[in-house]
Amino acid sequence: DLTKVLKKSLEKTGRYEIKTENQGNHALAAVKSFMPDLILLDIMMPQLSGGEIGGQIKEDPVLKGIPFLFMTAAVTKEELGKECRNIGGHPFIAKPIKTDELIRHIERHIKT
């Protein structure tokens, strides 16, 4: 449900084209077919974790330059504070997140 809400909210801005994949074992193929400017990865996903998917992306010579942002419900916003932190050199943000906050993080980490 969160994926659908975020997708609709981001597309509503008219600034983003969003493709989603909620099954970890299909994520790498989805990234290869879409070639996004930024990837949002939930840390906890079915089949493969976001960390495992991130590792596959970093090892792939074609995909390794695509930045990704981890999202997690394992850490609260209070624990995290106002700014995102890093896991393995990649930023992560706490869920739930408001659209305007997510856009701020996307714009900060997207390559232009």
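A short reminder: the numbers here are calculations on the coordinates, not readings from a lab. Just so we're clear, the structure is a prediction, and the values are computed from it rather than from any experiment. Every residue, glycine as well, gets a Cβ built from its backbone with ideal geometry; the counts of neighbours run over all protein chains shown.
For this structure, a couple of remarks:
- Cβ-derived FRET efficiency at R0 35 Å, Glu107 paired with Glu59, nearest 0.05: 0.85
- Computed on the Cα atoms alone, the convex hull of the stretch 1-56 gives a volume of 75 cubic angstrom per residue.
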